1. Here is a check on your reading of the model: is B:Thr81 farther than 22 Å from A:Asn94 by Cα and at pLDDT 90 or above?
2. Name the single residue that is least open to solvent (accessible area, probe 1.4 Å) among those in the range A:110-142 being among the β-branched types (Val, Ile, Thr) and under 15 Å from the mean Cα position of the chain (by Cα).
3. Only one residue in B:Gly59, B:Gly92 is at positive phi, out of contact with any Lys or Arg (no Cβ under 6 Å at 6 or more places or on another chain) and touching a residue at least 12 places away in the same chain (Cβ under 8 Å), so which one is that?
4. Consider B:Arg108 carefully, then state whether it is in contact (Cβ under 8 Å) with a residue 12 or more places away in the chain, more than 9 Å from every other protein chain (Cβ to nearest Cβ) and assigned to a strand (DSSP E or B).
5. Condition check: in contact with a Leu (Cβ under 9 Å, 6 or more places away or on another chain) and within 30 Å of A:Arg125 (Cα to Cα). Does B:Ala72 satisfy that?
6. Restricting to the range B:46-79, what's the tally of residues that are open to solvent by 40 Å² or more (accessible area, probe 1.4 Å), at the interface with chain A (Cβ under 9 Å from one of its Cβ atoms) and under 13 Å from the mean Cα position of the chain (by Cα)?
7. Out of the range B:80-92, which residues are assigned to a loop (DSSP other than H, G, I, E, B) and either in contact with a Phe, Trp or Tyr (Cβ under 8 Å, 6 or more places away or on another chain) or open to solvent by 40 Å² or more (accessible area, probe 1.4 Å) (or both)?
8. Of all residues in the range B:116-138, how many are within 14 Å of chain A (Cβ to nearest Cβ), outside any loop (DSSP other than H, G, I, E, B) and not aromatic (Phe, Trp, Tyr)?
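The values are calculated or read from the model by the stated rules, or taken from the named source; none is laboratory data. The model shown is predicted, which means the values in this text are computed figures rather than measured ones. As a convention, Cβ positions derive from the backbone with ideal geometry for all residues, glycine included, and neighbour counts pool all protein chains shown. These area figures cover heavy atoms from the full protein model, side chains too; ligands, DNA and RNA do not enter into them. Shrake-Rupley method; radii C 1.70, N 1.55, O 1.52, S 1.80 Å.
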There are 2 protein chains.
Amino acid sequence: MSAIRRFAPDAQGDFRWQAVDTLRYKQEGSAPFKDITRQVLFAPADQATEMRYFEIAPGGFSTLERHEHTHAVLILRGSGTVQLGRETHVVGPNDLVTIDPLTWHQFRATPESPLGFLCLVSKERDRPQLPTADERTALEGK
Amino acid sequence: MSAIRRFAPDAQGDFRWQAVDTLRYKQEGSAPFKDITRQVLFAPADQATEMRYFEIAPGGFSTLERHEHTHAVLILRGSGTVQLGRETHVVGPNDLVTIDPLTWHQFRATPESPLGFLCLVSKERDRPQLPTADERTALEGK
């Protein structure tokens, strides 16, 4: 049904879209990540894309990974960094991050602040790849 | 290329994503609308969806229309209203508006403020329909 969903703090002060289920990130997964929630905001039958909202708690981070499918990420709340390949960028509200196929990427919240962002992704997509030890060393520029 | 695009005021104080072309809304069209700009932020080859940013100037409005394809709209800036069928809702930053197939809809900025929003839409979509005089009267509840 056509609707308006408001983005507001819950009892814990975390921002969530009301009337949308909140899930833990990658409940199935064994990949390294920390303190992330996920809400699927929009995945209509006529669109091949999903829009999700992720919120990383202060000090948390997403998995360092890459995949063939692209992302468009819009930061809505808080502050943190995004790693794109070997570069790290400071990001905050209204920054739009586009991630090309097979680009290593990782989002981190600062120690003091959450990092909340929308992520647009195809419903049909390949599984993320994790870096080998050698790839991780190369990404760190050592 | 993977990138970060910043959302910042231009020389006129209007907010735009940097390094993205700004277009006039419906340059081809004859439908009634007023004072809208459009930026296509994200339309990658592997996704069937486009993300666009629209900004309606103070006092401006989008076309009252309906279509089979769905919209997801996220308000980013300013204030205004959205008409959904026969109901009108006040909207502001971080409100998420989902619009079902064949639902009449129109966005309006307040007289004092712009209304800026993201709109997610399928690349392949049907053409908007405009209301007949009778439909317009019914929508106004007269």
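1. Considered against the rule, which asks whether it is farther than 22 Å from A:Asn94 by Cα and at pLDDT 90 or above, B:Thr81 comes out as no.
2. A:Val121
3. Just a single option satisfies the conditions, and that option is B:Gly59.
4. yes
5. Against the criterion (in contact with a Leu (Cβ under 9 Å, 6 or more places away or on another chain) and within 30 Å of A:Arg125 (Cα to Cα)), B:Ala72 qualifies.
6. The qualifying residues number 1.
7. B:Gly85, B:Arg86
8. 6
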